Amino acid sequence: MTIGNLSPAAQEFLAGVNTVEQQITTATRHITSGLKIGAPADDPAQIDDLLQLRADQQLNTQIGSNLTMANSMASSADSAIGGSIQVIDTAIQVATQAANSLTGENTDSSLALQVQGLLSQIVNYSQTQVQGQYIFSGDHPESPSYRLNLSAPQGVDQLLTTAATQQIQDPAGGSFAVSQTAQTIFGNQNADGTPAGDNVFAALNNLRNALLSNSTAGVQSALGNLQQASRHLNDMQSFYGEVEDRIQSATTYSNMRSTELLTQIGSIQDADVTSDAMLLAQANTQLQAAFTAEAQAPKSTLFNYLS
């Protein structure tokens with residue numbers, strides 16, 4: 001701003017002071033906030049790039065959070081299926097023992113009771129929860145898929161029929177499935193709705209019923225189904241193992257991407273505090289020197305000439 005009735009030299013002096021004071025204000029703001037762009041007006045040419053980078057970082061952070069949750073669920077599913085495989089292995093041992101030699105009503109009833117306990121364990125595994133969600137209930141994680149009912153043909157009641165459509169976004173691009181339903185894992189069915197040969201529930205319940213009726217043929221049939229169920233559960237565990245590997249790779253990429261984005265954001269918005277501190281010191285020195293020189297400059301007036 002130009003002030004009237006000032007000499008050109010005085011106006012030049014004030015303009016210089018104003019420039020240095022603006023430098024001091026800017027450097028002080030950078031040092032205090034740590035940012036060279038705190039508002040769009042600070043650098044309009046860079047603000048669009050900065051906003052896009054921030055949006056990318058926010059999305060990447062959300063993807064990372066989703067991957068963490070998916071990994072927790074996949075790990076729990078892997079463990080649950082691993083436990084189920086052990087249960088089926090025990091049932092196979094029971095069936096093998098009974099198939100080789102039925103030892104009488106009392107012993108077979110005892111074995112049937114043991115198999116009933118194994119069936120109950122499988123139902124419990126099908127109801128595995130993580131943070132209050134039933135991880136094998138697909139798109140309806142608020143409810144379990146099965147409950148024990150020994151009077152039912154498969155020894156269980158199916159409480160819901162659902163799909164598992166959840167996909168997890170991969171920060172490198174695309175998405176992938178991360179879960180299977182309890183029906184696919186434990187209650188596999190044929191196209192006509194009858195239990196498939198690898199149906200875990202049906203295999204166990206058929207063995208229990210065969211033991212209760214002392215049926216050697218029934219035990220042998222159930223043994224074949226249990227062996228199919230074991231192979232099926234191993235396939236399901238392999239699925240979750242692959243999911244965990246994919247999640248780990250995606251998480252590693254997400255972490256690398258986060259570092260890249262934060263570096264890019266910092267290169268645009270972060271202040272160079274060292275340079276700003278030097279600039280501030282130089283500006284203050286210049287300002288002090290300017291005021292000192294101005295104060296020491298000779299002041300001539302009309303009276304000086306008249307005298």
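Comparing Cα centroids, region 145-165 and region 220-252 end up 20 angstrom apart. Label-to-label distance for Phe176 and Met256 is 1.5 nm, based on points extended 7 Å past Cα in the beta-carbon direction. Amide H contacts under 5 Å for Arg147: Asp157, Leu159, restricted to partners 5 or more places along the chain or on a different chain, H placed in the peptide plane at 1.01 Å from N. Label sites at Thr96 and Gln166, each approximated as a point 7 angstrom past Cα along Cα to Cβ, lie 3.7 nm apart. Cβ-Cβ distance of Gln58 and Asp89, R₀ of 41 Å, FRET efficiency by 1/(1 + (r/R0)^6): the value works out to about 0.30. Go ahead and collect, in residue order, the members of region 153-171 whose backbone nitrogen is under 20 Å from a label point 7 Å along the Cα-Cβ direction of Asp235. Within reach of a label on Asp235, which here means backbone N under 20 Å from a point 7 Å along Cα→Cβ, region 153-171 contributes 162-165.
With the cut-off at 25 Å, report for region 84-188 the share of all Cα pairs above it, as a whole percent.
I get 35 percent for the Cα pairs in region 84-188 exceeding 25 Å.
Across region 143-152, rounded Karplus estimates of 3J(HN,Hα) from the backbone phi angles (6.51 cos²θ - 1.76 cosθ + 1.60, θ = phi - 60°) give 9, x, 8, 9, 9, 5, 8, 5, 7, 7 Hz, Gly and Pro being marked x.
Can you compute the FRET efficiency between Ser267 and Gln133 using 1/(1 + (r/R0)^6), with r the Cβ-Cβ distance and R0 = 41 Å? Round to the nearest 0.05.
About 0.50, to the nearest 0.05.
The stretch between Gln288 and Gln189 holds 26.8 nm of extra length on full extension. This uses 0.36 nm per residue minus the Cα-Cα distance.
The gain in end-to-end length when the Gln220 to Glu142 segment is fully stretched comes to 24.3 nm, 0.36 nm per residue minus the alpha carbon separation.
Each reported figure results from applying straightforward, stated rules to the coordinates on display, with no laboratory input. This one's a predicted model, so the numbers in the text were calculated from it and none came from an experiment. Quick reminder, even Gly has a Cβ in these numbers, built from the backbone with ideal geometry, and neighbours come from all protein chains shown.
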